[in-house]
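Enquirer: Below is a structure I'd like to ask you about.
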Amino acid sequence: MKMQSLQDLMLDVLKDTYDAEHQITKALPKMITAVKSPQLKKAFETHLHQTEEQIRTVESIFEMLGEKPSRKKCDGMAGLLKEGDHIIEEGGDPDVLDASLLAAAQKVEHYEISAYGTLRTWANQLGHRDIALMFDQLNRQEEETDQLLTQLAESRINQKAQ
């Protein structure tokens, strides 16, 4: 689809982000199984449930825009998640694996923060104030998850990996 307007661009990125969220729901169960730390396992489980809710929110946004929810393959997320798969396949010390998967998860969070922040800005510029607020809420959830992962990394996960 050729981009003819900011609205077209927003819809295109929304489809990409919708696909990214779906990819994450497929990757997190593998990560949950692979990690040793109960705290990290719980953080990943919480993020899985949050991601499932975020998918429903994105579907609502599509409907508010008069569009049917649809996905466009998100190559960026596919690449990030492939890195996580490689980490699991390579194996190694369980504590180091936890630190590595936590770092991989933060890359995913930063990708999502970027996407939702951009979508929020565009929605505001296009006058979709209610949708911009929804993107802002999604962005804040991703930032909170990133902060939780940072706290886990700094307080215990990275120390155990030394």
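The values are calculated or read from the model by the stated rules, or taken from the named source; none is laboratory data. For clarity, every value in this text was computed on a predicted model and none was experimentally measured. Note: ideal-geometry Cβ built from the backbone for every residue, glycine included; neighbour counts use all protein chains shown. Only protein heavy atoms, including side chains, enter the accessible area calculation; ligands, DNA and RNA are left aside. Shrake-Rupley method; radii C 1.70, N 1.55, O 1.52, S 1.80 Å.
Enquirer: Just name one of ALA78, THR33, VAL96: the one whose Cα is farthest towards the positive end of the charge dipole of region 12-162 (beta-carbon charges, Lys/Arg +1, Asp/Glu -1).
Expert: With unit charges placed on the Cβ atoms, the residue in question is THR33.
Enquirer: Continuing with the same structure: Using the heavy atoms of the protein chains alone and a 1.4 angstrom probe, what is the accessible area of region 32-139 per residue in square angstrom?
Expert: It amounts to 51 Å² per residue over region 32-139.
Enquirer: With the full set of protein chains in place, find how many percent of the accessible area of region 1-56 is carbon and sulfur; take the probe as 1.4 Å.
Expert: In region 1-56, the share of accessible area belonging to carbon and sulfur is 56 percent.
Enquirer: To the nearest 10 Å², what's MET134's accessible area with a 1.4 Å probe?
Expert: Around 40 Å² of this residue is reachable by solvent.
Enquirer: Could I ask something else about it? What base-10 log of the normalised intensity I(q)/I(0) is obtained for region 1-149 from the Debye formula, alpha carbons as equal point scatterers, at q = 0.14, 0.19 Å⁻¹?
Expert: -0.66, -1.09
Enquirer: Now for a separate question. According to a simple spin-label model (label point 7 Å from Cα along Cα-to-Cβ), what is the distance in nm between GLN4 and ASP75?
Expert: Going from the ASP75 label point to the GLN4 one covers 2.5 nm.
Enquirer: Using 7 Å Cα-to-Cβ label points, what is the ASP85/THR57 separation (nm, one decimal)?
Expert: 2.8 nm
Enquirer: What lysines sit close enough to LYS26 to cross-link, taking a C-alpha to C-alpha distance under 26 Å and skipping anything fewer than 8 places away on the same chain?
Expert: List returned: LYS15, LYS36, LYS41, LYS42, LYS68, LYS72, LYS73, LYS82, LYS107.
Enquirer: I need to check one value: relative contact order of the chain, counting alpha carbon pairs closer than 8 Å and at least 6 residues apart, in percent.
Expert: Computed value for the chain: 28 percent relative contact order.
Enquirer: I've got another one for you. Extension gain LEU133-LYS36, at 0.36 nm per residue separation less the Cα-Cα distance, in nm?
Expert: Result for the pair: 31.3 nm of gain on full extension.
Enquirer: Could I have the simple spin-label model distance between ARG140 and GLN106, label points 7 Å from Cα toward Cβ, reported in nm to one decimal?
Expert: Result: 2.4 nm between the two label points.
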